[in-house]
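Here is the structure we will look at.
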Amino acid sequence: SHFNIHKADSIIRRVDNKSRGKLKIAVDQILEETDIYSTKSKKDAWNVAVINSLGMVFTLLIASILYLYALKKSVLSPIKLLSTFASKFGAGDYTQRIRLQSNDELGALSDTFNQASEKIESLFTRLESSKIQYQNLIQGIDAIIWELDPHTNRYKFVSQRAEDLLGYPTKIWMDEPDFLRKYCHPDDLHAAQERILATLANGEAGEYSCRAIKENGATIWLNNRIKLIRNEINKSVSIL
């Protein structure tokens, strides 16, 4: 690589013609080999540069994959867990808890969800307990307790005593529209309906008697005491 062509020429001029020709041929061969080596070196250097570039791209690709995996594990997985929890929470499942060990905002959000879920579950447990106590109280009264929607004439609730006394399953009372027409004697139906309408009109309690036709066809007298129930905006919502 340090071959000096001018120095070579001065050497060639000092020798005889025969030797000069041989030396010239040798110098030309050296120069040709040098060009070939230089070209090969440039090609090898290019190949090395390409390989290095591909290596860098491959390294960046691997690093990106590892980063996305870490991102998925640290962010996307907790978000998916929170989304699943929120869906079940919205569907009424308040018994679940999020097991998310994290000290960031996602961890704080999961703790808030868990606290809300625990409170609601506690409220539902108390509500269910009160409901059972209320049902036991209602069923212990030796009378039929019913609740009627004044806008649809459908029964919203009827106690078990109705089935014991008249024979109709309580489900039928609530499933069939205007079930009053089915069990109330036709001769007493108009008076019963008029009394219900009067109670709706004046907003006070009312009372009427009617003959009820049992499921087996027998007849029994019922004395009905009714009261209008209003909501917080004074709208009638039920007759009890």
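The values are calculated or read from the model by the stated rules, or taken from the named source; none is laboratory data. Bear in mind that the values here come from a model prediction, so they are computed numbers and not experimental data. Neighbour counts are summed over all protein chains in view; Cβ atoms, including those assigned to glycine, are modelled from backbone coordinates with ideal geometry. Side chains included, ligands, DNA and RNA excluded: accessible areas come from the protein's heavy atoms. Shrake-Rupley method; radii C 1.70, N 1.55, O 1.52, S 1.80 Å.
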Inset, instruction - Using packing as a proxy for protection, rank 39-45, 120-126 so that the peptide with the highest average count of other Cβ atoms within 10 Å comes first. - result: 120-126, 39-45
Legend entry - Entries of LYS119/LYS227; LYS214/LYS235; LYS88/LYS171; LYS156/LYS235; LYS156/LYS214; LYS156/LYS227 with Cα pairs more than 25 Å apart: LYS119/LYS227; LYS214/LYS235; LYS88/LYS171
Inset, instruction - Run the 1.4 Å probe and let me know the accessible area of ILE132, rounded to the nearest 10 Å². - result: 80 Å²
